[in-house]
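The next block holds one structure in the form of structure tokens; read it before the comments.
Throughout, read-outs are computed from the coordinates displayed, never taken from laboratory work. The structure displayed is predicted, hence computed values, not measured ones. Here Cβ is always computed from backbone atoms with ideal geometry, including for glycine, and neighbour counts include all displayed protein chains.
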Amino acid sequence: FALCNLKTKERLLNQATRDPLTELYNRRFMLESFDQAINRAERHHLSLTFILLDLDHFKQFNDNFGHEAGDVVLRSIASVLKENLRLEDIACRYGGEEFCIICPDTNLKDGFTLAEKIRNHVAKLSLYCGGKSLGRVTASFGLSVYPNHAESVLSLISKADKALYRAKDSGRNRSEVSQPTNYAEQSS
């Protein structure tokens, strides 16, 4: 009976913290983990990189091949993330075709290198659904770094989101870093 209760508790926890399609953490878990990661970075005077990524032209996969093909793409992106992150990094399905990564103890240079590594792996995917090639998959990335760009979870998310939209506006399939917002940030 106790073992059954433990398994039920574990299953419910998994359902509460994981996205069922990709098996990555969900947005709720990410927000809770992000607060803890920021607090740790502040206590230990460490950097933390936040990466937001969005699949380019994702709607076309669903429109041209159906939602099953879209699911294949999303699961494949999740696999790329799982295969290329450290154990301490937290990958989440942020919503729809957006994903995010919290990278504790990671400076801007290393965070950008990671984003580019993942972007290149995504661009090399060769995906099929129902025997049909889904064509090329690409993603755009936006990065922000604690404490360089912001010191709160919501500000870091907002800064990464703005960088992501710059990547989209600049042609997609690229990584952009948050821009400093004041003179003091520019000189550091």
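Match the structure shown to one of the listed values (i) 1.13; (ii) 1.09; (iii) 1.03 of Cα Rg over 2.2 N^0.38 Å, computed from it, and give that label.
Correct label is (ii).
With θ set to phi - 60°, apply the Karplus curve 6.51 cos²θ - 1.76 cosθ + 1.60 along segment 132-141 and write out the HN-Hα couplings as whole Hz, x wherever there is a Gly or Pro.
Per-residue couplings from phi come out as 9, 5, 8, x, 7, 10, 9, 9, 10, 10 Hz.
Quick one: which residues, 5 or more positions from T138 or on another chain, have an amide H under 5 Å from its amide H? H modelled 1.01 Å from N in the peptide plane, none for Pro or chain starts.
D56
Mind jotting down the three principal axis lengths of segment 108-157 based on Cα atoms? Whole angstrom, largest first.
Its Cα atoms span 47, 21, 10 Å along the three principal axes.
Quick check: Cα centre of segment 40-116 to Cα centre of segment 138-155, how many Å?
Centre-to-centre (Cα) distance: 12 Å.
Would you pull out the residues with amide H under 5 Å of L48's amide H, same chain only if 5 or more places away, H placed 1.01 Å from N?
Counting only residues 5 or more places away or on other chains, the set is T106, Y146.
Evaluate the charge dipole of the chain about its Cα centre and quote only its size in Debye, nearest 20, assuming +1 on the Cβ of each Lys and Arg and -1 on the Cβ of each Asp and Glu.
Values: 25 positive and 24 negative charges, 73 e Å.
Roughly 360 debye, rounded to the nearest 20.
Explain nothing, just compute: Karplus ³J(HN,Hα) = 6.51 cos²θ - 1.76 cosθ + 1.60, θ = phi - 60°, for every residue of segment 69-81 in order, whole Hz, x for Gly and Pro.
Once θ is set to phi - 60°, the couplings for segment 69-81 become 5, x, 5, 4, 4, 4, 5, 5, 4, 4, 5, 4, 4 Hz.
What does the charge count around V80 come to, taking other residues whose C-beta lies under 12 Å from its C-beta (Lys +1, Arg +1, Asp -1, Glu -1)? Intermediate values should be presented prior to the final figure.
Values: positive: R75, K82, K117, R119, K124; negative: E83.
Charge balance in the 12 Å sphere: +4.
List the residues whose amide H sits under 5 Å from the amide H of L127, counting only those 5 or more places along or on another chain, with H placed 1.01 Å from N in the peptide plane.
Hits under the 5 Å cutoff: L134, G135.
Just the Cα atoms of segment 27-118, one point each, no solvent: what log10 I(q)/I(0) does Debye give at q = 0.12, 0.15, 0.21, 0.23 Å⁻¹?
Each listed q maps to, in turn, -0.41, -0.61, -1.03, -1.16.
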